[in-house]
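> Questions regarding the structure given below will be posed in turn.
Read-outs throughout are calculated quantities, based only on the coordinates presented, and are distinct from any laboratory measurement. Quick caveat: nothing in here was measured; it's all calculated off a predicted structure. Positions of Cβ are generated from backbone atoms using ideal geometry, with glycine treated the same way; all protein chains shown enter the neighbour counts.
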Amino acid sequence: MAVQISPSILSADFANLAAELERIRDADWVHVDVMDQHFVPNLTLGLPVVERLVQVSPLPVDVHLMIEDADRWAPGYAETGASSVTFHAEAAQAPIRLARELRARGARAGLALRPATPVEPYLDLLDEIDMLLVMTVEPGFGGQSFLDAMLPKIATVRRVIDDRGLDVWVQVDGGISADTVARAADAGANVMVAGSAVYGSQDAGARIAELRDLATRHRH
């Protein structure tokens, strides 16, 4: 399962998003964090901006919804043409139904877990999703330090996916850098979200290549 790099535009220059998308065209995805100031304390982009990003992005758009009432709002993000839409388990009343709705609208369905949320209750849902996102920081703000305590959770997910022969990606988001990406890959993650590590670099393309190489060499 190939390593994929998904730079987060949370760390980009919001006044120049089209140019910032061009800086990362060597990546696999562009990761777009949607926050509603309720599920998390921060407020970022909403549906109209995501819709426009989908139209102009040279990369497929990977939307991470950190919002309340995901059952109501998530399908609209799939309808924008986003290639992947991830909602939080803690914010969904009917996660299987929601995942099926997202897939029916043409998006990959992702399920995200906050650091304190155990993965075990959701392992039976793996057949219904395309990706499981293990948050390696507390969601809401960029630039936080990677939580090594999440590595066993990543390893558990990867083991179950492999044992069942499923084609489910394992994404990590939070504190991913040249110092941490190898540990995440070794635990079993294959989709790496990196914000400040990429956008804080003078050469975003070189940093993307470095992260991909490090993760590939340590891939589970």
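> Would you calculate the volume per residue, in Å³, of the smallest convex hull containing every Cα atom of the stretch 56-178? Before the final figure, lay out each step's value.
Details: hull volume 14.9 nm³, N = 123.
Hull volume over Cα atoms, normalised by residue count, gives 121 Å³.
> Something else now. Percent of Cα-Cα pairs per 10 Å bin, from 0 to the last occupied bin, for the chain, please list those.
Percent of Cα pairs in each bin: 9, 38, 40, 13, 0.
> Could you list T117, T136 so that the one with the fewest beta carbons within 10 Å of its beta carbon is first and the one with the most is last?
On the way: T117 16, T136 28.
Arranged by neighbour count, lowest to highest, T117, T136 become T117, T136.
> Here is a further query. With viscosity set to 1.306 mPa s at 10 °C, what whole-number translational diffusion coefficient in µm²/s follows for the stretch 119-192 from Stokes-Einstein and a Kirkwood radius over Cα pairs?
D = 128 µm²/s.
> Want the number for V56 to Q202: 0.36 nm per residue separation, take away the alpha-carbon distance, what's left?
On the way: separation 146, 0.36 × 146 = 52.56 nm, distance 2.29 nm.
Extra length available between V56 and Q202 comes to 50.3 nm.
> List the residues, sorted by chain then number, that are 5 or more residues from T180 or on another chain and whose placed amide H is less than 5 Å from its amide H.
none
> Quick one: which residues, 5+ away or cross-chain, put their amide H under 5 Å from the amide H of M135? H built at 1.01 Å from N.
The list, which skips near neighbours in sequence, is L113.
> Which three extents, in angstrom, do the Cα atoms of the stretch 173-220 have along their principal axes, listed largest first?
Per principal axis, max minus min of the Cα coordinates gives 30, 19, 15 Å.
> Counting pairs of alpha carbon atoms under 8 Å apart in space and at least six apart in sequence, what relative contact order in percent does the chain give? Present the calculation step by step, with values, prior to reporting the outcome.
Working: 478 pairs, mean separation 45.8, N = 220.
It comes to 21 percent, rounded to a whole number.
> Among L132, L47, L126, L65, what is the fewest-to-most ranking by other Cβ atoms within 10 Å?
Working: L132 28, L47 14, L126 17, L65 24.
Least to most surrounded, the residues fall as L47, L126, L65, L132.
> Evaluate Rg over Rh across the stretch 1-84, taking Cα atoms for both radii and Kirkwood's formula for Rh. Let's see the in-between values first.
Numbers: Rg = 12.5 Å, Rh = 13.1 Å.
Ratio of gyration radius to Kirkwood radius for the stretch 1-84: 0.96.
> What ranking of W73, W29 emerges when the number of other C-beta atoms within 10 Å of each C-beta is taken as an exposure proxy, fewest first?
Numbers: W73 17, W29 23.
By the 10 Å Cβ count, ascending: W73, W29.
> Hey, if you put +1 on the Cβ of every Lys and Arg and -1 on every Asp and Glu Cβ in the chain, which of V61, G200, H88 ends up farthest toward the positive end of that dipole?
Ranked along the dipole, the leading option is V61.
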